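K.L.:
The structure is given below, and queries will be raised subsequently.
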Amino acid sequence: MDLNLDDFPSHEPLVDYPWKSEIDHLLIWMEDKGAATRAFVFDLIMSAAYIEATAGLEKLIEKCDAIEGDYNTHVGFINLCSSCYIYQDVWSYQKAAKPQSGALGKLSSEVILRFIEKLYPQLSEVRAIGGTESADAVLRHRKGFTILAEVKSAPLLTYPFLFDVPVSCLNGHHEKVVMTASQLRATKSAILLHGVGHIDLGNTGQELWPFKPLVDFIIDEKNTSFVQQGVSQWFEARKAYVSKDRHHKMYYLTNASGQPPKRARDKGQWPRGVSISDSKTSAGMDRTDDIKKGIYQSLKIGAYSHGNPNIKTAIISNLPAYRHGHEYVDPFVDMFWGLEKDMHTKEGQRFLLEKDLRRVFDFIITLDEHMMRGVAL
């Protein structure tokens, strides 16, 4: 089986998105930042990408009396209202906003590939691949080999957006507002960091909203302390997610937190059978179906490129499989495989030479705890 890389239709990550240059400005700022900062900023950018890709946003905004500051309404990407939960310890259900069908996977894949391309200097080129089931991305390493990768990424935290809606558009607490798209474009907005505070983003109708005001805030040295608080909170959320610590305040704001505790349901604050966020939203590559597909795709790439030692395989994500890595990833880390046609026989024993063996996957490339087997990124 032959694998011709020239047959893959590929493109530069984020090339089709008008806010690519804003992300590049942010990535320059992040070059000397640690893993937690990079992962936190990825989640912020993905929240911005979600809101930008959500159709009919003006129909999803709800009034919330728990919001602090100059804002009166919000939209979130989990079913739990962050403001009610953080500021009032109330489990208020809100239907999560979702981007248009099919946009989620492409958005997260394009964003993480741009992050990987700009943050890891040993990669000379990163291309996103479309229209093929063979791989999601092709990466060129400065040591001369090529990495074909499956991409599986998703944020650990999503951050809700706040709006200052005209009083005439408001209804009751946690009821949808009544406003037009043109009214929304003239509305002041912010992104809420779950109790740390909010970042003002200006009117939703301004050019490159919400990316430009968000990036401008993050890279401004005057905001270093605020950003670091956000990073610290993200790290606390990471610990709660990994250990499934349901006593930690941040646990239920992470993705894949499941249903709220029994006390919330007993008080009648939560609709029966509804989760805050389900396992499909697991952080990074932690969704078990994604791990299985990622490993299968790595094996498939290896099978097609078996005779070419300069082609390596990888799974790319923003985060490793924190919860399911031990069960679904670790058994394959040190595993080799080969083809029957390459077997030799000597003194009644059949065996494969080391040069004919392939790993299940060569690398796991992430923003945190990646596995590169001694090869620098």
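The values are calculated or read from the model by the stated rules, or taken from the named source; none is laboratory data. Worth saying up front: this structure is predicted, and the values here are computed from it rather than measured. As a convention, Cβ positions derive from the backbone with ideal geometry for all residues, glycine included, and neighbour counts pool all protein chains shown. Just the protein is used for accessible areas: all its heavy atoms, side chains included, with ligands, DNA and RNA removed. Shrake-Rupley method; radii C 1.70, N 1.55, O 1.52, S 1.80 Å.
K.L.:
Using 7 Å Cα-to-Cβ label points, what is the residue 288/residue 249 separation (nm, one decimal)?
P.N.:
3.3
K.L.:
Fully extended, how many nm does the chain gain between residue 219 and residue 373 (0.36 nm per residue separation, minus their Cα-Cα distance)?
P.N.:
52.2 nm
K.L.:
Might you list the cysteines of the chain that have no disulfide-compatible partner by the rule of another cysteine's Cβ under 4.7 Å?
P.N.:
So, 64, 169.
K.L.:
At 7 Å along Cα-to-Cβ for each site, give me the label-to-label distance between residue 337 and residue 200 in nm.
P.N.:
The answer from the label model is 5.6 nm.
K.L.:
Right, something else. Note the full-extension length gain between residue 167 and residue 20 as 0.36 nm times their separation in residues minus their Cα-Cα distance, in nm to one decimal.
P.N.:
49.4 nm
K.L.:
Between residue 262 and residue 88, what is the label-point separation in nm under the 7 Å Cα-to-beta-carbon projection?
P.N.:
Each label point is offset 7 Å from its Cα along the Cβ direction, giving 2.6 nm.
K.L.:
While we're on this one: Quickly rank 249-261, 73-85 as a protection proxy: mean count of other C-beta atoms within 10 Å, highest first.
P.N.:
73-85, 249-261
K.L.:
Something else now. Using only alpha-carbon positions, what ratio does the radius of gyration of segment 146-234 give when scaled by 2.2 N^0.38 Å?
P.N.:
Scaled against compact globular proteins, the figure is 1.37.
K.L.:
Further question: Calculate the radius of gyration of the Cα atoms of segment 39-191 to one decimal place, then report Dmax, the largest Cα-Cα distance, as a whole number, both in Å.
P.N.:
Gyration radius and largest Cα-Cα distance of segment 39-191: 19.1, 62 Å.
K.L.:
If you take the Cα Rg of segment 163-296 and divide it by 2.2 N^0.38 Å, with N the number of residues, what do you get?
P.N.:
The reported ratio for this selection is 1.31.
K.L.:
Could you do me a favour and compute the accessible area per residue for the chain, 1.4 Å probe, result in Å²?
P.N.:
45
K.L.:
Next question. Roughly speaking, to the nearest percent, how much of segment 181-288's 1.4 Å accessible area is carbon and sulfur?
P.N.:
Here it works out to 47 percent.
K.L.:
So for the chain: antiparallel DSSP bridges make up what percent, rounded to the nearest 5?
P.N.:
80
K.L.:
Can you compute the FRET efficiency between residue 11 and residue 175 using 1/(1 + (r/R0)^6), with r the Cβ-Cβ distance and R0 = 51 Å? Round to the nearest 0.05.
P.N.:
0.75
K.L.:
Still on this structure, I have one more. Run lengths n ≥ 4 of DSSP H only: what is the helix-derived mean residue ellipticity at 222 nm for the chain, with -39500 (n - 2.57) per run over all residues, to the nearest 500?
P.N.:
About -9500 deg cm²/dmol.
K.L.:
Right, something else. Suppose R0 equals 35 Å; then what is the FRET efficiency for residue 278 and residue 28 from their Cβ-Cβ distance, rounded to the nearest 0.05?
P.N.:
Taking R0 as 35 Å, the efficiency between residue 278 and residue 28 is 0.45.
K.L.:
How would you rank 164-173, 40-49, 184-193, highest first, on the average number of other Cβ atoms within 10 Å across their residues?
P.N.:
Top of the packing list down: 40-49, 184-193, 164-173.
K.L.:
A further question follows. Which option, (1) 22.0, 66; (2) 22.7, 88; (3) 41.2, 145, is the value of Rg and Dmax of the Cα atoms in Å that was calculated from these coordinates?
P.N.:
The value computed from this structure is option (2).
K.L.:
With +1 on the Cβ of every Lys and Arg and -1 on the Cβ of every Asp and Glu, and nothing else charged, how large is the dipole of segment 75-220 about its Cα centre, in debye rounded to the nearest 20?
P.N.:
340
K.L.:
Further question: Defining a contact as two alpha carbons under 8 Å apart and six or more residues distant in sequence, what relative contact order in percent does the chain show?
P.N.:
19
K.L.:
Which three extents, in angstrom, do the Cα atoms of segment 276-377 have along their principal axes, listed largest first?
P.N.:
61, 27, 22
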